[in-house]
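To start, the structure itself, in structure tokens.
The values are calculated or read from the model by the stated rules, or taken from the named source; none is laboratory data. Keep in mind the model is a prediction, meaning the values are calculated, not measured. Heads up, the Cβs are rebuilt from the backbone with ideal geometry, glycines too, and the neighbour counts pull from every protein chain shown.
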Amino acid sequence: MIRPRVVVAGLGDSGVLTAIRLARFADVVGISTKPALVSGQELGVRLTRPAEWARDYLVPFDRYRALDGVRTIQARLSSVDFDKRIVHAQRPDGSPMAEPYDALVISSGVTNGFWRRPDVQSAADITAQITADHQRLAEARSVIVIGGGAAALSAAANIAAQWPSTRVDLYYPHDRPLTDHHRRTWDHLRRRLTRLGVGLHPGHRAVVPDGFDGAITDAPVTWSTGQPPSHADAVLWAIGRVRPNTDWLPADVLDEGGFVEVTPELRVPGHRGVFAIGDVAATDPLRSSARNRADAVLAHNIRAEIAGRPLRSFRAPRRRWGSVIGTQSDGVEVFAPNGRPYRIPRRAVDTVLMPLIVRRGIYRGIRTNRPLG
């Protein structure tokens, strides 16, 4: 029996999980601008405890046992020919490449701040950037974090916990952050931030500087909401200015924001065998296929479409849920959709959650003896 060829265009969190699920069924080709998974999760831990973060969120592709049969290519996506069913890309040396497909998974993600970028990077580039961001904050005596989403709260909480003598202030535009979460989530985390000494400043909407590229800066922050400028040794922008990485796709498959339009089955309308998943897919206002294990639905639907069987629908939650600030010294708090937290003790995180449930269960085995680069 001839195995179908599936091209996974983007190997972030969703792309890797989808490739793992399809590897036994198809000849899978994964295309990524990086030589490893560089997750956009847990920004605060990445900034403050980069070695700990890298263990689980900066993982070379050859460490995933379930990707042993997947051919991974480092290249930047450039275009797709839906009629001929070919994806075009450009390798780091500038040479072009083309990959035919029977099914295509669009999982090229989004650009968001300094920590989620589509640039082609080597292992050394990635490590140098993470180290420089960490060192910049370690040397600061005051830090401003701008933003009202999970990334901003994660950064503020972790910086305050890691460097107690550093003044940390969180500025956000509404009366509370986490407006996509249940209010109980913020009520709980507000108490934690207050205990950590984080200054909370609602009703501040920053004026984004001309030419802003998301980097950590030390320039004064001005506010369109009328407050006087604010100053700090380091200013971390986590304002949710998300841009989909879809410049390689034709406009007729994109919505007004540039995200990929999909049906409830994660199919791209009008193009048989083409699917999308993750932050790039316009599944719902929260684009929640990136955080709710939609890879299982997608893998089933690719197999079902090829076999002529019925497809399943992805059902998006109405609110964001999950961890917000990541693993701390006392464990990790996971918030349910109703905003109620449940805490997994640190010992259980280190001995059960990460090694057994995540590395062995979700990712089907990760080798620990192959460093990046």
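Descriptive notes on the structure:
- Within the option set GLY273, GLY331, being in contact (Cβ under 8 Å) with a residue 60 or more places away in the chain, small (Gly, Ala, Ser), at positive phi and touching a strand residue (DSSP E or B) at 6+ places or on another chain (Cβ under 8 Å) holds for one residue only, GLY273.
- Evaluation of GLU99 against (1) in contact with a helix residue (DSSP H, G or I) (Cβ under 6 Å, 6 or more places away or on another chain); (2) part of a strand (DSSP E or B) (one fails), failing number: (1)
Listed here are the residues, each with its yes/no results for (1) exposed (fewer than 13 other Cβ atoms within 10 Å of the Cβ); (2) without any contact (Cβ under 8 Å) to a residue 24 or more places away in the chain; (3) closer than 27 Å to ARG340 by Cβ.
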position: LEU189; (1), (2), (3): no, no, yes
position: PRO202; (1), (2), (3): no, no, yes
position: THR222; (1), (2), (3): no, yes, no
position: SER230; (1), (2), (3): no, no, no
position: ALA238; (1), (2), (3): no, no, yes
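- Among all positions in region 178-194, there is at least one residue which is within 30 Å of LEU11 (Cβ to Cβ) and modelled with pLDDT under 95.
- Of all the numbered requirements in (1) in the same structural domain as THR111 (by TED's automatic domain parsing); (2) under 30 Å from ALA156 (Cβ atoms), TYR363 misses one, and that requirement is (1).
- Criterion: at positive phi and either hydroxyl-bearing (Ser, Thr, Tyr) or not assigned by TED's automatic domain parsing to the domain that holds ALA150 (or both) - qualifying residue of ARG55, ARG49, ARG85, ARG21: ARG85
- Filter pass, THR246 being among the β-branched types (Val, Ile, Thr) and not assigned by TED's automatic domain parsing to the domain that holds VAL280: no
- Options SER108, SER95: the member that is hydroxyl-bearing (Ser, Thr, Tyr) and touching a residue at least 24 places away in the same chain (Cβ under 8 Å): SER108
- Residue tally, condition over 17 Å from the mean Cα position of the chain (by Cα) and assigned to a helix (DSSP H, G or I), over region 267-303: 8
- A Cβ distance below 9 Å, combined with a sequence gap of six or more or placement on separate chains, defines the contacts here; from region 335-351, residues that are touching a residue at least 60 places away in the same chain (Cβ under 8 Å) reach residues that are assigned to a strand (DSSP E or B) and of a type in the set (S, T, N, Q) in the pairs PHE335/SER323.
- Any chance ILE159 is within 21 Å of the chain's Cα centre (by Cα) and within 17 Å of ASN112 (Cα to Cα): no
- When we screen ALA157, ALA140 for residues that are on the phi < 0 side of the Ramachandran plot, surrounded by 17 or more Cβ atoms within 10 Å (Cβ to Cβ) and either modelled with pLDDT under 95 or in contact with a Leu (Cβ under 9 Å, 6 or more places away or on another chain) (or both), the only hit is ALA157.
- Test: residue in region 35-52 that is in contact (Cβ under 8 Å) with a residue 60 or more places away in the chain, crowded, with 23+ Cβ neighbours inside 10 Å and among the basic types (Lys, Arg): yes
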